[in-house]
Number of protein chains: 2
Amino acid sequence: MSGNAGERPRLTAVQYGVGPIGSRIVRVAVDRGIEFVGGIDIDPTKVGRDLGRVVGLERDLGVDVTDDAQTALEAEPDVVFHSTGSSLAAVSPQLTDALTAEADVISTTEELSYPWWDPDNRGLASELDETAREHGVTCLGTGINPGFAMDTLPAVLSTPCQVVQSIRVERVQDAAQRRRPLQEKIGAGLDVETFEREIATAGGHVGLSESTAMLADALGWTLQTTERDIEPVIADERVRSDYVTVDPGAVAGIRQRVRGIVDGDAVIELDLRMYLDAPDPHDRIRITGRPPLDVVVAGGFHGDRTTPAIVVNVVPRVRAAAPGVATMLDLAVPSYTRAL
Amino acid sequence: MSGNAGERPRLTAVQYGVGPIGSRIVRVAVDRGIEFVGGIDIDPTKVGRDLGRVVGLERDLGVDVTDDAQTALEAEPDVVFHSTGSSLAAVSPQLTDALTAEADVISTTEELSYPWWDPDNRGLASELDETAREHGVTCLGTGINPGFAMDTLPAVLSTPCQVVQSIRVERVQDAAQRRRPLQEKIGAGLDVETFEREIATAGGHVGLSESTAMLADALGWTLQTTERDIEPVIADERVRSDYVTVDPGAVAGIRQRVRGIVDGDAVIELDLRMYLDAPDPHDRIRITGRPPLDVVVAGGFHGDRTTPAIVVNVVPRVRAAAPGVATMLDLAVPSYTRAL
């Protein structure tokens, strides 16, 4: 494989949020020749330590993690990788700071993947869009889901269709292979009552509505509303992961569905199942249309491994994108790119 | 499904080449609200007849097929759909005329899908690029293959990978379901000797090298060379299509492979098999990398049905693209789009 990382100045980055996903982003980006000039996290066990050590590399990167975002951003990075939370309202001030420092921002904030659908987020998105344009930089929310598996990829797969009547995307993940926070988020190990009270009411995995709206936008469909339901997946027998043991009758994980309604019909259905020991994990995209399509990703896209890859791979597309808040649909055709 | 075709002026188009694929393009485009203001073909059985009737619609489109391209282009279409041949050298004057008429051009010319690889085509591509820029329009070569199944889609599927070591794309088509010219092109019904003399030496299906080069470009790999081989697929038992009968021992179709060599390694392999009664037709994309990926399109993308869809679906992306010769990689993320 040839690259030209050595032939031009290296891209510089700041990692904003050095949790499980942020750490993986740093490791993937370092491997591809990106130079980190800062790392930001509020965790006191990380602050003051070298970013390389904090993310699990066996070497220093020569820059310490700090809880002072402004100081880290004074290093004037080309790009800020941002991974601190799912809620746009919660992270919006962080994104604003990064954009004001004239960095392109690539964030795993689920609600940012398509912030124009949720009425609570549209105002924030407009403000971020204005800030980004003012500073000539781009702000993108992405990841495997939302960002790719249930929106960008189904959109691309519809390109060979003369007519699309409906799209159904099914994503089944074996949560036992995922990180601890995800296992907690899906309620693994809870009893059903606690699941209903704590998990279902909290809305489950964030981003399915955003994916639905993004896909509708791509297809030129005017989405009237989305319908959502969340239910627990109950363990038939005892299952265990590195972090939790689930007895029969308790919750092994979550099944979440969102339907996108256009002209009264559910033309988009996203069906996400994440539970411990899910058999036959996979992603499957079915298009009813002319011609119909049925595409299966054997084993599925592994969330914790693919989100960091997507964040890093879109760097050149984001650098080339028009200023403002972008979605994946606004970028040029994305791909792995050896030469960042 | 909602669209807004009625709320703004309809896009106008000229169809340049009204053969099997061109006819399908017209039918798909009419169905999506595009207005045809001209049709060009040299076939005397088509000239002077209404375009709608020639393409198999059961109604007139109000414009006759003509063999006088200049006159047809005087209608100042927004876009020219072009489908007359595989060779860039052969069709280049036609493309130049369409670009000079200030139309965006979307062509199924296989060699135009990535014209920068073949040394014989680079000069022509540069000239077309200059003409397109001069007139502020875009010129794209696309279709299912080359253009999507073995290049754009594998590129997009690499986005979730931290590392890509190699990509293998396998496309198996049951040629019995394809149009007559394709069955002739793959040598169905010939004896092996005639196949070797007439089909293998002609190079088989055009575009695999272009797909290989496009994919390498997307991945940031510097392609040193491509290696090609073509072999006949021999019938075990008698097979027949609507057009040809193949006896045991005769040629049922073709198997073509292209390997893309980077740093001495065959990191891209495209394997195309098109033969009568091929069992289990499919497209399969396998990425060796971190994580690895294995994606199967059940039944495969049907060439004759999907190429016209792609040509029409990319219209809004081509209209928004920068002037010049573009490849699929230069467009914003493509999809079916209800609202053209």
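The values are calculated or read from the model by the stated rules, or taken from the named source; none is laboratory data. Please read these numbers as outputs of a predicted model, since none were measured by experiment. Cβ: placed from backbone, ideal geometry, glycine included. Neighbour counts: every protein chain shown. Calculation scope for accessible area: heavy atoms of the full protein, side chains included, ligands and nucleic acids excluded. Shrake-Rupley method; radii C 1.70, N 1.55, O 1.52, S 1.80 Å.
Mind counting the residues in segment A:226-256 that are open to solvent by 60 Å² or more (accessible area, probe 1.4 Å) and out of contact with any helix residue (DSSP H, G or I) (no Cβ under 6 Å at 6 or more places or on another chain)?
So the answer is 12.
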Segment B:295-311: number of residues that are over 13 Å from B:V172 (Cβ atoms) and open to solvent by 40 Å² or more (accessible area, probe 1.4 Å)
1
Could you grab me the full set of residues in segment B:312-340 that are at the interface with another protein chain (Cβ under 8 Å from one of its Cβ atoms), open to solvent by less than 30 Å² (accessible area, probe 1.4 Å) and assigned to a helix (DSSP H, G or I)?
B:V312, B:N313, B:M328, B:L329
Residue among B:L57, B:L95 that is under 14 Å from B:A132 (Cα atoms) and either among the small types (G, A, S) or free of Cβ contacts under 8 Å to residues at least 60 places away in the same chain (or both)
B:L95
Filter result for B:D247 (in contact with a strand residue (DSSP E or B) (Cβ under 8 Å, 6 or more places away or on another chain), acidic (D, E) and free of Cβ contacts under 8 Å to residues at least 40 places away in the same chain)
no
Go through segment B:1-86 and tell me which helices (runs of 4 or more DSSP H), entirely inside it, have 3 or more residues that are open to solvent by 40 Å² or more (accessible area, probe 1.4 Å) and closer than 23 Å to B:R305 by Cα.
B:20-31
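Which residues, taken from segment B:126-178, are assigned to a loop (DSSP other than H, G, I, E, B), β-branched (V, I, T) and surrounded by fewer than 24 Cβ atoms within 10 Å (Cβ to Cβ)?
Initial filter on segment B:126-178 (assigned to a loop (DSSP other than H, G, I, E, B)): B:135-137, B:142-151, B:158-162, B:178.
Narrowing further to those that are β-branched (V, I, T): B:137, B:142, B:144, B:159.
Across segment B:126-178, there are no qualifying residues.
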From B:I287, B:I261, residue being of a type in the set (V, I, T) and in contact with a Cys (Cβ under 7 Å, 6 or more places away or on another chain)
B:I287
Is there a residue being open to solvent by 50 Å² or more (accessible area, probe 1.4 Å), closer than 25 Å to B:P334 by Cα and within 14 Å of chain B (Cβ to nearest Cβ) anywhere in segment A:198-219?
yes
Residue pairs, Cβ under 6 Å, 6 or more apart or interchain, first in segment A:195-208 and closer than 17 Å to A:D271 by Cβ, second open to solvent by 20 Å² or more (accessible area, probe 1.4 Å) and not in a helix (DSSP H, G or I). List them.
A:A200/A:I230; A:G204/A:I230; A:V206/A:S86
Among the strands (runs of 3 or more DSSP E) lying completely within segment B:260-306, list those that include at least 2 residues that are under 17 Å from the mean Cα position of the chain (by Cα) and farther than 16 Å from B:I144 by Cβ.
none
I'd like to know if segment A:274-282 contains one or more residues that are more than 22 Å from A:M328 (Cβ to Cβ), within 14 Å of chain B (Cβ to nearest Cβ), surrounded by 19 or more Cβ atoms within 10 Å (Cβ to Cβ) and touching a strand residue (DSSP E or B) at 6+ places or on another chain (Cβ under 9 Å).
yes
Can you name the number of the only condition in (1) part of a helix (DSSP H, G or I); (2) farther than 28 Å from A:G264 by Cβ that A:T212 fails?
(2)
Here are some conditions: (1) without any contact (Cβ under 8 Å) to a residue 40 or more places away in the chain; (2) open to solvent by 20 Å² or more (accessible area, probe 1.4 Å). A:I261 meets all but one. Which one does it not meet?
(2)
Boolean, A:R197 is farther than 15 Å from A:N145 by Cα and modelled with pLDDT of 95 or more
no
Farther than 30 Å from B:I144 by Cβ and not small (G, A, S): is that true of A:D151 in this structure?
no
How many residues does segment B:99-152 contain that are more than 14 Å from chain A (Cβ to nearest Cβ) and closer than 19 Å to B:T226 by Cα?
11
